[in-house]
Amino acid sequence: MNTDTHAAHADDHHHGDGHAHGTFSTYMLGFVLSVVLTAIPFWLVMSGALPSKQITALVIMAFAVVQIVVHMIYFLHMSPKSENGWSMMALIFTVVMVAIALSGSLWVMNHLNSNMMPIHEMTGMK
Amino acid sequence: MTVAVNPSQTGEPIFYLADEHPHPEGYSTSLGFWIYLMSDCLIFAMLFAAFGVLGANYAAGPAPKDLFDLSLVAVNTSMLLLSSITYGFAMLTMQQNKIAQTQMWLLITGLFGAAFIGIELTEFAHMIHEGATPQRSAFLSSFFTLVGTHGLHVTCGLIWLVTLMTQVWRFGLIEANRRRLMCLSMFWHFLDVVWIGVFTFVYLLGVLR
């Protein structure tokens, strides 16, 4: 307990360099992973290797999600500990906002015409 | 800890951080800059949503299949990816206090970034020459807005990069310059993250459609 509080306090004095840094090997690992995660979706679309377009779409979206996580970890050095967890909190908040905004917009706009009165009924309303 | 209720000398309680220690200059910059990036992320999310809603409305104009050259986009993507890793090397050499090498990696990053912008502008010019202007259809309006905003960000990053190279050249790797380089590092890698969304949702899914 005592060592814990001491560590927390000592950490407090290093806000400035509390940001995690990468090393050569983590940068290279992130780069190699990114190249692979970029090359496969491009190859899938350009060669049409998968039989169905829906499957290809789902696979390349999955690759994008994985690659974003790879960039976050190896290039942006995200970890639950950086900035005492505040940057992770900001990230989670943003991800929630983005998810609501994207899914909400797409859902509303794609169903825009669903609940409208059909035109032939509307013309008889005068 | 945050509210100190032990009486001060006048006997009144004090309601502020009693054990406040001096913060070094710029200690909260990286968190503040991260929150700025998150707000930028929301801007891009709105533009992605607009593209998602409008991206299939071609108005009898050209569709992604007719316009996009995926091999060119792949080259463009590799430019941005390479500039990300070279910026990483610039950060590593900065930590080792090697000014000349840091400058060299920053320069290479800038060249890759400029190549990215150059290829993108060539693509835009080619599309506009073919009549696929932003006014042509809702798809093209949202395409140029989304991809153009990303390109504008990269352009701003390039201006910032040149500014910081001048700063490092004038003053060396002082504490302030290290902080600035770290902010630009986050900005640059963040733009690469946004580009993952662009090449997946705009180009790959567009051609697939």
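The values are calculated or read from the model by the stated rules, or taken from the named source; none is laboratory data. Just so we're clear, the structure is a prediction, and the values are computed from it rather than from any experiment. Cβ atoms come from the backbone with ideal geometry, glycine included; neighbour counts cover every protein chain shown. For accessibility, only protein heavy atoms count, side chains too; no ligands or nucleic acids. Shrake-Rupley method; radii C 1.70, N 1.55, O 1.52, S 1.80 Å.
Summary table
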{"read-out": "Test set (1) in contact with a helix residue (DSSP H, G or I) (Cβ under 7 Å, 6 or more places away or on another chain); (2) more than 11 Å from every other protein chain (Cβ to nearest Cβ) - residue B:49 fails condition number", "value": "(2)"}
{"read-out": "Selection count, region B:173-197, where residues are open to solvent by less than 10 Å² (accessible area, probe 1.4 Å) and over 18 Å from the mean Cα position of the chain (by Cα)", "value": "1"}
{"read-out": "Yes/no for residue A:70 being touching a residue at least 40 places away in the same chain (Cβ under 8 Å), closer than 27 Å to residue B:207 by Cα, in contact with a helix residue (DSSP H, G or I) (Cβ under 9 Å, 6 or more places away or on another chain) and not aromatic (Phe, Trp, Tyr)", "value": "yes"}
{"read-out": "Residue count, region B:65-87 (criterion: of a type in the set (Gly, Ala, Ser) and open to solvent by 30 Å² or more (accessible area, probe 1.4 Å))", "value": "3"}
{"read-out": "Cross-chain or 6+ apart pairs with Cβ under 6 Å, region B:52-80 first and within 10 Å of chain A (Cβ to nearest Cβ) and free of Cβ contacts under 8 Å to residues at least 24 places away in the same chain, then open to solvent by less than 50 Å² (accessible area, probe 1.4 Å) and among the hydrophobic types (A, V, I, L, M, F, W, C)", "value": "B:74/A:42"}
{"read-out": "Filter result for the condition that a residue is modelled with pLDDT under 95 and within 14 Å of chain A (Cβ to nearest Cβ), over B:206, B:197", "value": "B:206"}
{"read-out": "Tabulated pairs, region B:171-183, first under 13 Å from residue B:93 (Cβ atoms), second of a type in the set (Val, Ile, Thr) and in a helix (DSSP H, G or I), C-beta under 8 angstrom, 6+ apart or interchain", "value": "B:173/B:99; B:173/B:102; B:181/B:102; B:181/B:168"}
{"read-out": "Any hit, region B:119-129, residues being over 22 Å from the mean Cα position of the chain (by Cα), more than 12 Å from every other protein chain (Cβ to nearest Cβ), closer than 29 Å to residue B:70 by Cα and in contact (Cβ under 8 Å) with a residue 60 or more places away in the chain", "value": "yes"}
{"read-out": "Scan of region A:75-107 for residues that are more than 9 Å from chain B (Cβ to nearest Cβ), surrounded by fewer than 15 Cβ atoms within 10 Å (Cβ to Cβ) and of a type outside the set (Gly, Ala, Ser), ordered by number", "value": "A:80, A:81, A:89, A:92, A:96, A:100, A:107"}
{"read-out": "Enumeration of residues in region B:16-35 that are open to solvent by 40 Å² or more (accessible area, probe 1.4 Å) and either at the interface with chain A (Cβ under 9 Å from one of its Cβ atoms) or modelled with pLDDT of 95 or more (or both)", "value": "B:23, B:24, B:25, B:27, B:28, B:29, B:35"}
{"read-out": "Subset of region B:87-107 [more than 10 Å from chain A (Cβ to nearest Cβ) and in contact (Cβ under 8 Å) with a residue 24 or more places away in the chain]", "value": "B:90, B:97, B:99, B:102, B:103, B:106, B:107"}
{"read-out": "Identity of the residue in region B:141-172, under 17 Å from the mean Cα position of the chain (by Cα) and among the polar types (S, T, N, Q), that ends up surrounded by the fewest Cβ atoms within 10 Å (Cβ to Cβ)", "value": "B:163"}
{"read-out": "Residue B:200 vs. criteria within 22 Å of the chain's Cα centre (by Cα) and either touching a residue at least 60 places away in the same chain (Cβ under 8 Å) or farther than 22 Å from residue A:30 by Cα (or both)", "value": "no"}
{"read-out": "Out of B:90, B:132, sole residue that is assigned to a loop (DSSP other than H, G, I, E, B) and open to solvent by less than 10 Å² (accessible area, probe 1.4 Å)", "value": "B:132"}
{"read-out": "Yes/no for residue A:40 being more than 7 Å from chain B (Cβ to nearest Cβ), open to solvent by 20 Å² or more (accessible area, probe 1.4 Å) and at pLDDT 95 or above", "value": "yes"}
{"read-out": "Residue in region B:140-154 that is within 14 Å of chain A (Cβ to nearest Cβ) and in a helix (DSSP H, G or I) present", "value": "yes"}
